[in-house]
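The values are calculated or read from the model by the stated rules, or taken from the named source; none is laboratory data. None of these values were measured; they are calculated from a predicted model. Glycine also receives a Cβ, built like all others from the backbone with ideal geometry; neighbour counts cover every protein chain displayed.
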Amino acid sequence: MPKSLKTADEIEGMRQACRLASEVLDMLTPHVQPGITTREIDRIAHEYMTQVQQAVPATLGYQPPGYPPYPASLCTSLNEVVCHGIPDDRPLKHGDIVNIDVTVIKDGWHGDNSRMYLVGETSIAARRLCAVTFEAMWKGIVKVRPGVRLGDIGHAIQTHAEHAGFSVVREFCGHGVGRKFHEEPQVLHYGRPGTLEELVPGMTFTIEPMINAGKRDIKEDRRGNRPYDGWTIVTRDRSLSAQWEHTVLVTETGYEVLTLSAGSPTPPAFVTPASVAVPA
Ligand code: MF3
Ligand code: CO
Ligand code: CO
């Protein structure tokens with residue numbers, strides 16, 4: 001049995017935290033334009049979470065074993081940055097793609113989500129990578145229902161990304177989320193059908209595929225001969241990387257995406273009510 005199945009009350013707490021996390025991304029959308037720095041984006045989001053939402057930015061000071069404390073209230077992963085990019089003073093430029101990853105804590109519950117933002121006019125290749133990664137996340141989400149295994153989710157994501165000619169990052173994965181930011185289980189974005197843990201109602205976890213335009217290999221960011229900041233991960237071949245993230249709940253009949261709000265991008269056409277209601 002997985003340890004932290006959520007009760008009805010706990011799920012309500014998760015719904016609130018997750019909706020706030022999504023609303024931070026909504027609020028940021030008009031700000032993500034050429035010329036703004038990622039530090040300004042971080043400041044705007046910090047203000048909103050702490051002053052408007054009365055919530056806590058989970059990433060600020062977050063320190064898993066072996067890492068320095070994370071210094072910001074969100075992650076901004078630009079172009080070839082795979083994940084955990086730290087906001088800084090460089091302005092966004094036309095053609096950039098940037099992932100913004102926000103995790104809020106409300107009443108002790110964590111809501112974790114991220115989106116890709118296109119800055120000004122972007123290339124067809126960049127837009128395709130972002131679109132395929134969004135679809136890949138949803139290919140995983142629509143698998144979610146009791147009895148399905150984590151390997152089924154990973155396989156669906158991997159198949160979609162690789163059929164498009166892209167690659168799946170292996171070193172980072174989705175995760176259980178609740179009173180803790182990162183808990184069991186690990187949710188791999190690749191794998192074999194019918195393998196790994198079986199889903200049961202009450203589980204809450206993220207699905208957050210990192211998809212590279214080139215090879216899947218990654219490295220710590222030591223660009224410019226600066227000392228490593230302890231967090232930023234880039235593609236080894238410097239190809240573009242994209243990521244989307246939702247927090248989902250396993251229900252009795254399927255799934256509920258918890259990190260939705262008025263500004264959430266419309267799901268792909270293959271996501272129908274039937275993908276929740278019809279038994280496997
Ligand atoms: N939000 C990220 C995730 O999806 C984790 C960021 S940890 C940080 O799991 F410290 F880098 F912010
Ligand atoms: Co996450
Ligand atoms: Co996240």
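When region 66-81 is examined, which residues are found to be away from ligand 2 (no atom under 16 Å from the Cβ) and either surrounded by fewer than 18 Cβ atoms within 10 Å (Cβ to Cβ) or under 28 Å from GLU12 (Cβ atoms) (or both)?
GLY66, PRO68, PRO69, PRO71 - these are the residues of region 66-81 that are away from ligand 2 (no atom under 16 Å from the Cβ) and either surrounded by fewer than 18 Cβ atoms within 10 Å (Cβ to Cβ) or under 28 Å from GLU12 (Cβ atoms) (or both).
Having 2 or more residues that are over 19 Å from ASP112 (Cα atoms) and at pLDDT below 95 is the bar; report the strands (runs of 3 or more DSSP E) wholly within region 185-280 that clear it. Write out each step before concluding.
Values: elements: 204-207, 210-212, 218-220, 233-235, 241-243, 246-250, 255-257.
Filter on region 185-280 gives an empty set.
Restricting to region 157-172, name every residue that is crowded, with 22+ Cβ neighbours inside 10 Å and either aliphatic (A, V, I, L, M) or within 14 Å of ligand 1 (Cβ to nearest atom) (or both).
Across region 157-172, the qualifying residues are ILE157, ALA161, VAL168, VAL169.
From the set of residues in region 107-139 that are away from ligand 2 (no atom under 16 Å from the Cβ) and of a type in the set (D, E, K, R), which is farthest from VAL271 (Cα to Cα)?
Per the criteria, the residue is ASP107.
Quick one: what pairs do we get from region 126-142, first residue closer than 23 Å to THR204 by Cβ, second modelled with pLDDT under 95, C-beta under 6 Å, 6+ apart or different chains?
Partner pairs satisfying both residue conditions: VAL142/SER275.
Can you tell me which residues in region 116-164 are in contact with an Asp or Glu (Cβ under 8 Å, 6 or more places away or on another chain) and among the basic types (Lys, Arg)?
LYS143, ARG149 - these are the residues of region 116-164 that are in contact with an Asp or Glu (Cβ under 8 Å, 6 or more places away or on another chain) and among the basic types (Lys, Arg).
For residues that are more than 13 Å from ligand 3 (Cβ to nearest atom) and within 14 Å of the chain's Cα centre (by Cα), scanning just region 177-188, find the one that is nearest to HIS110 (Cα to Cα). Talk me through it step by step, then tell me what you get.
Taking region 177-188 as the starting set, the residues that turn out to be more than 13 Å from ligand 3 (Cβ to nearest atom) are 178-180, 183-186, 188.
Remaining after also requiring within 14 Å of the chain's Cα centre (by Cα): 186, 188.
On the way: GLN186: 16, LEU188: 20 Å.
Checking each candidate, the answer is GLN186.
Every residue in region 82-91 that is surrounded by fewer than 23 Cβ atoms within 10 Å (Cβ to Cβ) and over 12 Å from the mean Cα position of the chain (by Cα), please.
Let us first name the residues in region 82-91 that are surrounded by fewer than 23 Cβ atoms within 10 Å (Cβ to Cβ), namely 83-84, 86-91.
If the condition is that a residue be surrounded by fewer than 23 Cβ atoms within 10 Å (Cβ to Cβ) and over 12 Å from the mean Cα position of the chain (by Cα), then ILE86, PRO87, ASP88, ASP89, ARG90, PRO91 are the ones that fit.
Which strands (runs of 3 or more DSSP E) does region 30-135 wholly contain that include 2 or more residues that are within 13 Å of ligand 3 (Cβ to nearest atom) and of a type in the set (Gly, Ala, Ser)?
It comes to 109-118.
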